[in-house]
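Asker: This structure is in structure tokens; I'll ask about it shortly.
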């Protein structure tokens, strides 16, 4: 039986717990700019963040489960847009520290393949012409946890961005 999202589900998926153990290399020669967390941010932290990010103090952050950041403070999150579906079936999104935003992957499984292909949330969400830094360790992790077949990060990203084509515009509409 698959658990579905309900209320304030903050049960950290085992795959993300394992990603949190990976040390992501980032420097002048490239790499993945991603600092995974070992637990979701609290409801209070998420509410404070989305209110600050949008300037909209009517929002409560319930639609997001923040699980990591890049070096500038941009956040990666599961976006709970598919009612009644498990956390692992929700899309992964990125909201940058300078107002950038975008969809990274259509599910947690696909996100694992994006990481394995060498792209972090920020790179996937806001860049084109991706230069990847494949990781055998993350490919092994994805093979153990992903419920989707391996595909190239570019294919996963383009598919998710097409499915949620209005994410950025909808998010911008919440800004005050």
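Only the coordinates and a few stated rules stand behind these numbers; no lab work does. On a predicted model such as this, the values are computed, not experimentally measured, just so you know. Note that we place each Cβ from the backbone using ideal geometry, even for glycine, and neighbour counts take in every protein chain shown.
Asker: Do we have residue 61 as in contact (Cβ under 8 Å) with a residue 24 or more places away in the chain, out of contact with any strand residue (DSSP E or B) (no Cβ under 7 Å at 6 or more places or on another chain), farther than 17 Å from residue 142 by Cα and assigned to a loop (DSSP other than H, G, I, E, B) here?
Answerer: no
Asker: Okay, next question. Looking only at segment 145-169, how many residues end up being surrounded by fewer than 17 Cβ atoms within 10 Å (Cβ to Cβ), assigned to a helix (DSSP H, G or I) and either free of Cβ contacts under 8 Å to residues at least 60 places away in the same chain or in contact with a strand residue (DSSP E or B) (Cβ under 6 Å, 6 or more places away or on another chain) (or both)?
Answerer: 6
Quick grid of which residues meet (1) more than 17 Å from residue 22 (Cβ to Cβ); (2) surrounded by fewer than 21 Cβ atoms within 10 Å (Cβ to Cβ); (3) in contact (Cβ under 8 Å) with a residue 24 or more places away in the chain:
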| position | (1), (2), (3) |
| --- | --- |
| 49 | yes, yes, yes |
| 71 | no, yes, yes |
| 75 | yes, no, yes |
| 79 | yes, yes, yes |
| 94 | yes, no, yes |
| 104 | no, no, yes |
| 108 | no, no, yes |
| 118 | no, yes, yes |
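Asker: Okay, next question. Condition check: in contact with a helix residue (DSSP H, G or I) (Cβ under 9 Å, 6 or more places away or on another chain), buried (at least 18 other Cβ atoms within 10 Å of the Cβ) and assigned to a helix (DSSP H, G or I). Does residue 112 satisfy that?
Answerer: Yes, satisfied.
Asker: Let me ask you something else. Applying the selection to segment 117-131, what residues are within 12 Å of the chain's Cα centre (by Cα) and within 18 Å of residue 73 (Cβ to Cβ)?
Answerer: Selection gives 120, 121, 122, 123, 124, 125.
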